[in-house]
Amino acid sequence: MQVFLFSLYFPYAEVNETFIAEEMRCIATDASVKITLVPFKRKGEEKRILPEAIDIDAQIVERAERFSVGVIFSLFSRGAFWRFLVQSVLPILIHLRFPKKVLFARFIRALYIADYLVANYRSGRIDDNSVLYSYWLDEATAGFYLAERIEPHLRKCLKVSRAHRWDIIEPTGRLPFRKRAFSALDKVIVASEFGWHELLELYPELTPICEWQHLGVAEVCAARTGKVVEGRREFISCSTVVPVKRVKLIYENICAYAQSHPHLQVHWIHFGDGTLMEELRQAVKTPPFNLQVELPGMQPNATVRNYLATIEGAILVHLSLHEATPIAIQEAISASIPVLATDGGGIREAIDNTVGALLPLEVEETDFIAQADRIWSEYSLYAQAARRRFEADFQSAVNFAKFYTLLRQWRAEKLAAAVEK
């Protein structure tokens, strides 16, 4: 089975879309699947190391890097450009709003993907048996739609897209041909049950082709029984430092915990960086006397996983307003680390009060303190329950094997249906 996977950066970035790496690692051992990664752009000189079985096609990256004023003028001769103006830009102007610059950038990516598909289909590199797979429910799907308009035979290929969170709730005005692009898809796979409900509420027309399935992570370390270091309490968090993640709120609650337990040494480390990092650094300058804070910034995933594997008696804290099922949480429970999280989005699919604590979005400091103490009072019980949750729902090898089995099934069904016609 030949699969063309369309990403934004991966593998040309060390941090962006890192979760694709685990899918590639798992599927590289399956000799019946041939993966070609087709990214759109690169981040400097960064490049992730991939299994030898995975191919990279940088045609679109190289074309995007040659973008110029001349390219803009050449668009005027393209029917797809005028269709974009009428179908995606004009409705925004009619409502007396000005389209965002990102809409035009995303149209360019969609057009480049369409041209890539048409050229490779006509050359024979892509055929009717190929699977076209977008990692995001974004403008890549518009590329599938435009490609079918240019080369109708591409309708025979199976077209699949994952959906996560931002690509579900992103306003239509920021994505070209948003609803029309859905018509080109055979399946949409959402990363959480919550996201599945959210997507169908916004776009009920996707109901017949929409399913949900967790991604999963590799085991961080062998299962542990869990133990707490006497006189010490460890908190970990891992996310971008942006408004929705509420990292400063994590600090404030951990401060309250330290102040309520002056006899304990409390340690908090946060892995991640973002637009609010400087504000966070200012906030942590005067912690309680018994609280040690570490902000190492963005770190390679291997560094974070090694920390999770070696730290004893820790709780992962995640107070985001909304999520799918964060990789950080999945990796923590893999390492037998209980999680204290707010009930935003798909978090409850991984966390409840048996594997940690699920707090309301408007978390009270007293509740945070009480729930942390509850977990530490029977830490081994919660650590082992967290590991069992990982084994039941979030093992990447199991989940990705299921996904690629479904791809084969869907491709066979589409081919059979075409023969019947």
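The values are calculated or read from the model by the stated rules, or taken from the named source; none is laboratory data. None of the values given here were measured: they were computed from a predicted structure. Cβ atoms come from the backbone with ideal geometry, glycine included; neighbour counts cover every protein chain shown.
One table, with the values for the structure above:
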item: Sole exception among (1) within 30 Å of LEU264 (Cα to Cα); (2) among the charged types (D, E, K, R); (3) crowded, with 23+ Cβ neighbours inside 10 Å for ARG232, by number; result: (3)
item: Some residue of segment 69-79 being touching a Lys or Arg at 6+ places or on another chain (Cβ under 7 Å), at pLDDT 90 or above and not charged (D, E, K, R); result: no
item: Single residue of segment 8-54 satisfying the filter (within 21 Å of SER239 (Cα to Cα) and among the polar types (S, T, N, Q)) that is surrounded by the most Cβ atoms within 10 Å (Cβ to Cβ); result: ASN16
item: Total residues in segment 121-136, condition more than 20 Å from GLU17 (Cα to Cα), surrounded by 19 or more Cβ atoms within 10 Å (Cβ to Cβ) and in contact (Cβ under 8 Å) with a residue 40 or more places away in the chain; result: 3
item: Hits in segment 151-167 - residues which are free of Cβ contacts under 8 Å to residues at least 24 places away in the same chain and under 10 Å from the mean Cα position of the chain (by Cα); result: TRP166
item: Scope segment 291-311; condition under 22 Å from GLN371 (Cβ atoms), without any contact (Cβ under 8 Å) to a residue 40 or more places away in the chain and surrounded by 17 or more Cβ atoms within 10 Å (Cβ to Cβ); matching residues; result: LEU291
item: Helices (runs of 4 or more DSSP H) enclosed by segment 1-111 - at least 1 residues per element that are under 26 Å from the mean Cα position of the chain (by Cα) and more than 26 Å from PRO326 (Cβ to Cβ); result: 59-65
item: Unmet requirement for PHE368, which otherwise passes all of (1) assigned to a strand (DSSP E or B); (2) over 19 Å from the mean Cα position of the chain (by Cα); result: (1)
item: Exclusive hit being closer than 20 Å to LEU8 by Cβ and either in contact (Cβ under 8 Å) with a residue 12 or more places away in the chain or buried (at least 21 other Cβ atoms within 10 Å of the Cβ) (or both), set VAL89, VAL102; result: VAL102
item: Close pairs from segment 258-285: first free of Cβ contacts under 8 Å to residues at least 60 places away in the same chain and in a helix (DSSP H, G or I), partner among the basic types (Lys, Arg) and surrounded by fewer than 19 Cβ atoms within 10 Å (Cβ to Cβ), Cβ under 8 Å, at least 6 apart; result: GLU279/LYS248; LEU280/LYS248; ALA283/LYS248
item: Condition broken by ALA314, with the remaining ones in (1) farther than 27 Å from ILE169 by Cβ; (2) surrounded by fewer than 19 Cβ atoms within 10 Å (Cβ to Cβ); (3) touching a strand residue (DSSP E or B) at 6+ places or on another chain (Cβ under 6 Å) satisfied; result: (2)
item: Members of segment 321-342 that are part of a loop (DSSP other than H, G, I, E, B) and at pLDDT 95 or above; result: ALA335, SER336, ILE337, PRO338
item: Residue list for segment 293-319, filter: among the polar types (S, T, N, Q) and within 20 Å of VAL15 (Cα to Cα); result: GLN299, ASN301, THR303, ASN306
item: THR303 in a loop (DSSP other than H, G, I, E, B) and hydroxyl-bearing (Ser, Thr, Tyr); result: no
item: For THR141: the one exception among (1) of a type in the set (Val, Ile, Thr); (2) part of a helix (DSSP H, G or I); (3) more than 19 Å from the chain's Cα centre (by Cα); result: (3)
